[in-house]
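Before any comments, here is the structure.
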Amino acid sequence: MNKNIVPFVGESPFAKEIKALIQTLSTNNSSVLLIGERGTGKRLIAQHIHYSIAKSFGYFFEVNCKSFNQNQILEAFETVNKLIAYDQRITLFVCFVDELPVVLQGTFLQLIKNAASKGLNLKIISTVESSLEEKVNEGKFLSDLYYRLNAIVLNILPLRQRKEDIIPMA
């Protein structure tokens, strides 16, 4: 585990389940969609999945669709595409994927399709704060992209629903 990553701690049944799931999720390239409120630990879970996979190699790219502009997002996708072409292990962490501009959703989908068709080492972990299905139904999010990101869905409980985790985190 990377020494710069905060340990994932907690005593709740939820925290114990997440710890076990992190190990399982690190053994495959299935996409993971993390759903939860701001501050629930989605980034920490993504980092733990990545560093469980990439004990000795790999890159963790974070793209924040709320704070990056379209050019920055496109550049990040292009960089990831180049690195996986050289058989580099990549975890692409896409925060607020529901905020990804429609014009870039096709580019993201193509990146995922290319990696899958060539058997390349790409792990996609995306986050949303609410249901992505609504955006698909409204035509604001590509359904094919949704189904590729929706392989494994984890609903991350807020701390107010897992109070026994507060003391270990303090």
Exercise. Scan the range 23-81 for residues that are in contact with a Cys (Cβ under 8 Å, 6 or more places away or on another chain) and in a helix (DSSP H, G or I) and jot them down.
Key: K42, R43, I73
Quiz item: Among (1) under 18 Å from A46 (Cα atoms); (2) more than 17 Å from the chain's Cα centre (by Cα), where does N150 come up short?
Solution: (2)
Practice problem: Would you be able to tell me the number of residues in the range 76-88 that are within 22 Å of L25 (Cα to Cα) and open to solvent by less than 10 Å² (accessible area, probe 1.4 Å)? | Solution: 2
Quiz prompt | Output for the range 123-160, where each listed residue is in contact (Cβ under 8 Å) with a residue 24 or more places away in the chain, in contact with a Phe, Trp or Tyr (Cβ under 8 Å, 6 or more places away or on another chain), open to solvent by 20 Å² or more (accessible area, probe 1.4 Å) and part of a helix (DSSP H, G or I) | solution = K135
Self-check item: Residue in the range 104-117 that is among the hydrophobic types (A, V, I, L, M, F, W, C), open to solvent by less than 40 Å² (accessible area, probe 1.4 Å) and assigned to a loop (DSSP other than H, G, I, E, B) present
Solution: no
Quiz item: Out of (1) in contact with a Leu (Cβ under 7 Å, 6 or more places away or on another chain); (2) at positive phi, the odd one out for F96 is which?
Solution: (1)
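Conditions (1) of a type in the set (A, V, I, L, M); (2) under 22 Å from E37 (Cβ atoms), marked per residue:
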{"residue": "N69", "(1), (2)": "no, no"}
{"residue": "T79", "(1), (2)": "no, no"}
{"residue": "N121", "(1), (2)": "no, no"}
{"residue": "S130", "(1), (2)": "no, yes"}
{"residue": "I152", "(1), (2)": "yes, yes"}
{"residue": "L157", "(1), (2)": "yes, yes"}
Quiz item: What number of residues in the range 42-53 are open to solvent by 10 Å² or more (accessible area, probe 1.4 Å) and touching a strand residue (DSSP E or B) at 6+ places or on another chain (Cβ under 9 Å)?
Solution: 5
Quiz prompt | Given (1) closer than 19 Å to N155 by Cα; (2) without any contact (Cβ under 8 Å) to a residue 60 or more places away in the chain; (3) in a loop (DSSP other than H, G, I, E, B), number of the condition E11 does not satisfy | solution = (2)
Exercise. Filter the range 82-97 for residues that are at pLDDT below 95 and not in a loop (DSSP other than H, G, I, E, B) and give the result.
Key: K82, L83, I84, A85, I90, T91, L92
Practice problem: Using the structure shown, decide if A20 is surrounded by 15 or more Cβ atoms within 10 Å (Cβ to Cβ), aliphatic (A, V, I, L, M) and either more than 12 Å from the chain's Cα centre (by Cα) or at positive phi (or both). | Solution: no
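The values are calculated or read from the model by the stated rules, or taken from the named source; none is laboratory data. Bear in mind that the values here come from a model prediction, so they are computed numbers and not experimental data. Backbone-built Cβ (ideal geometry, glycine too); neighbour counts: all protein chains shown. Heavy atoms of the whole protein, side chains included, go into the accessibility calculation; ligands, DNA and RNA do not. Shrake-Rupley method; radii C 1.70, N 1.55, O 1.52, S 1.80 Å.
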